[in-house]
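Trainee: Here's a structure for you.
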Amino acid sequence: MNVRIALLTLLFSLSLKAEDNPFFPTEDLMPVGAYYYPEHWDESQWERDLSKIAELGFEFTHFAEFSWARLEPEEGKFDFEWLDRNVELAAKFGLKVIMCTPTPTPPAWITNQYPEILSVNEDGRKIRHGTRLQAAGTHPAYLHFVERIVTKLAERYGNDDRIWGWQIDNEPHYHSLYDYSDHALQQFRNWLRDKYGDIDQLNKAWGAAFWSHTYNNFSQIRIPNKKETGNVNPHALLDFQRFTAEEQAKFIRFQAQILMGHVSEQQWVTTNYAYYKFLPPVDLFLGRDDLHFAAHTMYLLSTFLNYPEGDLAHRLGSGMELSFSGELARSINGYTGIMELQPGQINWGKWNSQPLPGAVRMWIWHAFALGDKFTCTYRFRQPIYGSEQYHKGIVETDGVTLARGGAEYVQALEETSSLRDLYKPVEEPAEYAGRRTAFLWKQSNLFVGLNDPHNENWDAWQHLYTYYENLKTLGAPITFLQETDEFDVEKYPFMVAPAYELLDEALVQKWMDYVKAGGHLILSSRTGLKDNHGHLWEALLQEPIWPLIGAKVDFYDHLPPGTNGKIEMQDTVYEWNVWADGLTPDEGTEVWAEHTDQFYAGTPVVTHRELGKGTVTYIGAWSNDRELEKQAMRRVYQRTGAEILDLPNYAFTEWRDGFWVTVNYTSEDVQAPIHDGANVLFGEATVPPGGVAVWQTQ
Ligand code: GAL
């Protein structure tokens, strides 16, 4: 490690004084809990079930997020007695309670009386009673009922020390993702009015001169809908997506404000974000000032996710997505908990394979490794009726027999809680802090990448994951940052901003300052293609970033499926197909990789330059096996002297509260980077698929 990095990392670890979390004492590590739905079961079973949850070692339970019809069976008539009894039983058995607001499931009496609150899908159909998440979260008629039920709950349980904290709603999003109702249209127009002030500004921002899209006033605007028009104005679409994300955040904020006004300082308030590819409009950062922290949910075997290669991948799950979602949620307010983690097979995958024996335990250990303040499983009992009949629980359909995944939960919670005896406050190791990487995040970049990939094989998510996954092979802890956050070189010696398409001069300047102060910035293709309205620059391709990267981006190329281009870096040839740039470096900029074929053979494609005390690396290609990016990133980290690991994709090593953990989602054995002289607590250096190694160094 060079002297500067060593000093920086030392300073950083010293600044990390074990600041105690207001709600989750560090020494408690990671309590594990389970969802329980009293309303699904005969009341004669409540005591048996809650005592069993406690007896198995779970430390908390989770009530009521879909129980509105039971809590308020008729307008203005409330029934809390059943919930009171369950809170009492939970307390009797020493279980803390996460209380939820039941707003994802408005009762039939509301939606029948006020059908205008229902959201409408892109085909123009109202989403009727019979599902969940069907109401438009900002409709005043709906908010009237929301306010009342949330206030009632808050008044009843907000100063009750049996309640640990609150979950608002459930995985905030609309049933059909976007709402095309009249209400949404009015709100959208208002939002646009606030944003642009006058219609000429909007016309400019939307490039409305193109195809005579020009509007005379805001009331002419419709929600961009491909089902109506086939093609939509991309700038209008981007605004509609931003608007939707803000509407959802507003709904959560509305409830958070009610709760915060009533609940005691000991109770925390969160929501359980689901950050999956198929739920793009949610922007966790929008809730940063509203909630105490962002919790997250994760189903690793859902078949819609990103899997590693390997025979066992479908049984081990998408560890990368658990990691990504956990680090994203943690970045919002500095800590997180996982609200839903599957206990076995789920009902909603395209197919639902058995997890490999050990996989469930590994997921819990992985959540632990990521620093989660709690892990909760969805759900204790497998439902015997309703839409999720095939969803495994901790116990089987008889309500009492421990399921295989349930047994793994018990094992993992016993193991993780046994570490409390070994816990002592220690500083974050300099080696770990020294490879901490900021991942710059702007929801709009994801929107534009998905809306207009330009090459049908450009998968905006997958491009982000390419960088994320590669960073995890280096063992880098990741903090997601927004442009408005401080780019603190001491905290984040490295920063990546993959395909950061939309930007302005201010960001380029902020990057310059970060790099000059010693930061190492890594950018990839498409970065700086457009301004924040999504317009190309009236300049050359990506020209605003040229002074930063020390090169001109002359062109980009795509190849047809099945045809590969070749790029050489340090005597190794990498193939690409989806996207590659051609660069002209300035004097003093190093060329790290060049095209070796196509009519532009010999053209630089990866460059690296020093600027002030730091460096900028531009990776102008998306390689087929992600290796070009991995090796270029390794080079950046190695050059700075950072201590990096060399893990295969889908093996993860993290440090938390004095414990190192390696988990293995690959189909082969991996070697855990156990430190010499370490005290190995679980597993061993060779970690089998689905296995875990845990060790302590001090
Ligand atoms: C989650 C959802 C839960 C439950 C679960 C089933 O996404 O929040 O309510 O439906 O999926 O796996």
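The values are calculated or read from the model by the stated rules, or taken from the named source; none is laboratory data. None of these values were measured; they are calculated from a predicted model. So basically every Cβ, Gly included, is an ideal-geometry build from the backbone, and we count neighbours across all protein chains shown. Accessible surface areas use protein heavy atoms only, side chains included; no ligands, DNA or RNA. Shrake-Rupley method; radii C 1.70, N 1.55, O 1.52, S 1.80 Å.
Trainee: For the chain, what proportion of DSSP beta bridges, expressed in % and rounded to the nearest 5, is antiparallel?
Mentor: The answer is about 50 percent antiparallel.
Trainee: Name the trypsin sites (Lys or Arg not before Pro) in the range 524-564 that are in a loop by DSSP and that have at most 14 other C-beta atoms within 10 Å, would you?
Mentor: Here no trypsin sites (Lys or Arg not before Pro) fit, given the DSSP loop and packing criteria.
Trainee: Now for a separate question. With contacts defined as alpha carbon pairs under 8 Å and 6 or more residues apart, what's the relative contact order of the chain in percent?
Mentor: Reported as a whole number, the value is 12 percent.
Trainee: Got a sec to turn the phi values of the range 366-373 into Karplus ³J(HN,Hα) couplings, 6.51 cos²θ - 1.76 cosθ + 1.60 with θ = phi - 60°, whole Hz, x for Gly and Pro?
Mentor: 5, 4, 4, 4, 6, x, 4, 7
Trainee: For the range 86-124 and the range 175-207, what is the separation of their Cα centres, given in Å?
Mentor: 29
Trainee: Between Ile332, Trp622, Gly641, whose Cα lies farthest towards the positive end of the dipole of the chain when Lys and Arg beta carbons carry +1 and Asp and Glu beta carbons carry -1, centred on the Cα centre?
Mentor: Positive-end residue among those listed: Ile332.
Trainee: Right, here's the next one. Please list, in order along the range 124-133, the HN-Hα scalar couplings obtained from phi with the Karplus expression 6.51 cos²θ - 1.76 cosθ + 1.60 (θ = phi - 60°), rounded to whole Hz, x for Gly and Pro.
Mentor: Here the 3J(HN,Hα) series is x, 9, 5, 8, 7, 4, x, 9, 9, 6 Hz.
Trainee: Let me check I've understood the local charge: for Leu540, count other residues with C-beta under 12 angstrom from its C-beta, Lys and Arg +1, Asp and Glu -1. What total comes out?
Mentor: That works out to -2.
Trainee: Nearest 500 deg cm²/dmol is fine: what mean residue ellipticity at 222 nm does the chain get from its DSSP H runs of n ≥ 4 alone, each adding -39,500 (n - 2.57), divided by its residue count?
Mentor: Calculated at 222 nm, the ellipticity per residue is -9500 deg cm²/dmol.
Trainee: Where does each of 233-240, 369-376, 146-153 land if you order them by average Cβ count within 10 Å, highest first?
Mentor: 369-376, 233-240, 146-153
Trainee: Here is the link list: Lys126/Lys350; Lys250/Lys392; Lys195/Lys530; Lys250/Lys442; Lys195/Lys250. Which ones come out longer than 24 Å on Cα distance?
Mentor: Lys126/Lys350; Lys250/Lys392
Trainee: Quick check for me: using +1 on Lys/Arg Cβ and -1 on Asp/Glu Cβ, what's the dipole size of the chain about its Cα centre, in debye to the nearest 20?
Mentor: 640
Trainee: Checking the cross-link filter: which lysines have an alpha carbon closer than 21 Å to that of Lys566, excluding same-chain neighbours under 8 positions apart?
Mentor: Those lysines meeting the cut-off are Lys552, Lys630.
Trainee: Give the separation of the Cα centroids, the range 350-425 to the range 612-653, in Å.
Mentor: Their Cα centres are 34 Å away from one another.
Trainee: Show Tyr196, Tyr307 ordered by accessible area, largest first, where the area counts protein heavy atoms only and the probe is 1.4 Å.
Mentor: Largest accessible area first, the list is Tyr307, Tyr196.
Trainee: Determine the dipole magnitude for the range 435-639: charges of +1 sit on the beta-carbon of Lys and Arg, -1 on that of Asp and Glu, nothing else is charged, the reference point is the Cα centre, and the result goes in debye to the nearest 20.
Mentor: Its charge dipole is roughly 740 debye.
Trainee: Determine the per residue accessible area of the chain with all protein chains present and a 1.4 angstrom probe, expressed in square angstrom.
Mentor: 37
Trainee: Show the residues, 5+ positions off or on another chain, whose built amide H is closer than 5 Å to the amide H of Ala621.
Mentor: Residues meeting the criterion, in which the H sits 1.01 Å from N, are Ser525, Asp581.
Trainee: Go through His675, Asn564, Leu238 and say which Cα lies farthest out towards the positive end of the charge dipole of the chain; charges sit on Cβ, +1 for Lys and Arg, -1 for Asp and Glu.
Mentor: Towards the positive end, the residue furthest out is Leu238.
Trainee: Moving on. If amide hydrogens are placed 1.01 Å from N in the peptide plane, which non-local residues have theirs closer than 5 Å to the one on Leu611?
Mentor: Result for Leu611 returns Val616.
Trainee: Kindly sort Asp581, Asp182 by accessible area of their heavy atoms, largest first, with the probe set to 1.4 Å.
Mentor: From most exposed to least exposed: Asp182, Asp581.
Trainee: Shifting gears a bit: Arrange the peptides 586-597, 664-675 so that the one whose residues have, on average, the most other Cβ atoms within 10 Å appears first.
Mentor: 664-675, 586-597
Trainee: I've got another one for you. Using θ = phi - 60° and the Karplus form 6.51 cos²θ - 1.76 cosθ + 1.60, what ³J(HN,Hα) does each residue of the range 334-344 get, whole Hz, x for Gly and Pro?
Mentor: x, 7, 8, x, 9, 7, 9, 9, 5, x, x
Trainee: Of Ala359, Ala135, Tyr275, which is farthest along the charge dipole of the chain in the positive direction, counting Lys and Arg as +1 and Asp and Glu as -1 at C-beta?
Mentor: Ala135
Trainee: I'd like the carbon and sulfur percentage of the solvent accessible area for the chain, probe radius 1.4 Å, heavy atoms only, ligands and nucleic acids excluded.
Mentor: 48
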